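**Q** Quick one: structure below, then a few questions.
The values are calculated or read from the model by the stated rules, or taken from the named source; none is laboratory data. Bear in mind the structure is a predicted one, so any value in this text is a computation, not a measurement. Cβ atoms come from the backbone with ideal geometry, glycine included; neighbour counts cover every protein chain shown. Only protein heavy atoms, including side chains, enter the accessible area calculation; ligands, DNA and RNA are left aside. Shrake-Rupley method; radii C 1.70, N 1.55, O 1.52, S 1.80 Å.
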Amino acid sequence: MTGSTAALTELEGAVLSEIHHRANRTAFQVQRAFQRSPSTEWSGSAGAVYPAIRRLIEGGLITATPMAGGRKAQALEVTRAGVSALTAWACDPGRAAGVGLDPFRLRSGIWRTLPNKERRNALEAVAAEIRQDLARQGADDADTVERTRDELAVRLQRTRLDWIAEELKALG
């Protein structure tokens, strides 16, 4: 993002959502939210989150106000322009419908090139990992935004398990 009129990156949209919808009001809280995310592709590193926050401040999409107590922490708040940019980002049909980075999909074609025994082992290991992930999903105290994300993650993982079951059945 080079200014308030430029399209947000996925990271910037997610940062705005964390501040606006999920009430993470400091850069540290936003970073922690990314670190706790079930999406391993999100980087919770200070090297990713803090520069994104700086860009959003420079673009006039969030404000940062020093917090009392002598710490260097700043209270972050999404501006009107930030809410507009967040809404435009969330409602962009082309980007919202994109398949994006999907590590499962990226590997799936490679699995089909493996010898049967290695393929079976890989698929069974991935299925076990997905089942563990499903067991961890769905915090009851999650807010509406996170609850929706959790619901879609569960559906995606179940679809992946169905695909793996079909692949294993085809192996005999």
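**Q** Output yes when any residue across segment 113-126 is under 19 Å from V154 (Cβ atoms) and in a loop (DSSP other than H, G, I, E, B), and no when none is.
**A** Within segment 113-126, not a single residue is under 19 Å from V154 (Cβ atoms) and in a loop (DSSP other than H, G, I, E, B).
**Q** Does any residue of segment 152-166 turn out to be in contact with a His (Cβ under 9 Å, 6 or more places away or on another chain), open to solvent by 40 Å² or more (accessible area, probe 1.4 Å), part of a helix (DSSP H, G or I) and closer than 28 Å to L61 by Cβ?
**A** The answer is no; no qualifying residue exists.
**Q** Let me ask you something else. For residues that are under 17 Å from R36 (Cα atoms), part of a helix (DSSP H, G or I) and of a type outside the set (S, T, Y), tally how many sit in segment 131-151.
**A** 11
**Q** What is the one condition in (1) open to solvent by 40 Å² or more (accessible area, probe 1.4 Å); (2) modelled with pLDDT of 95 or more that W111 does not satisfy?
**A** (1)
**Q** Right, something else. For T63, indicate whether it is surrounded by 12 or more Cβ atoms within 10 Å (Cβ to Cβ) and assigned to a strand (DSSP E or B). Working first, answer last.
**A** Working: surrounded by 12 or more Cβ atoms within 10 Å (Cβ to Cβ): yes; assigned to a strand (DSSP E or B): yes.
Yes: the conditions hold for T63.
**Q** Also, quick follow-up: Out of curiosity, is R119 among the basic types (K, R) and surrounded by 11 or more Cβ atoms within 10 Å (Cβ to Cβ)? Lay out the reasoning, then the answer.
**A** Numbers: among the basic types (K, R): yes; surrounded by 11 or more Cβ atoms within 10 Å (Cβ to Cβ): yes.
Yes; evaluated as a whole, the condition is true for this residue.
**Q** Another question, then. Specify the residue that is nearest to R131 (Cα to Cα); the eligible residues are those in segment 145-168 that are free of Cβ contacts under 8 Å to residues at least 40 places away in the same chain and hydrophobic (A, V, I, L, M, F, W, C).
**A** L161
**Q** What are the pairs with Cβ atoms under 7 angstrom where one residue, in segment 4-18, is surrounded by fewer than 20 Cβ atoms within 10 Å (Cβ to Cβ) and the other, located anywhere, is modelled with pLDDT of 90 or more and not in a helix (DSSP H, G or I)? Sequence gap at least six, or different chains.
**A** S4/G59; S4/G60; S4/L61
**Q** Name the residues in segment 80-100 that are loosely packed, with under 12 Cβ neighbours inside 10 Å, modelled with pLDDT under 95 and at negative phi, would you?
**A** First pass over segment 80-100, keeping only residues loosely packed, with under 12 Cβ neighbours inside 10 Å: 80, 91, 93-94, 96-100.
Checking the rest, the ones that are also modelled with pLDDT under 95 come to 91, 93-94, 96-100.
C91, P93, G94, A96, A97, G98, V99 - these are the residues of segment 80-100 that are loosely packed, with under 12 Cβ neighbours inside 10 Å, modelled with pLDDT under 95 and at negative phi.
**Q** Can you find a residue in segment 67-75 that is open to solvent by less than 100 Å² (accessible area, probe 1.4 Å) and either part of a strand (DSSP E or B) or modelled with pLDDT of 95 or more (or both)?
**A** yes
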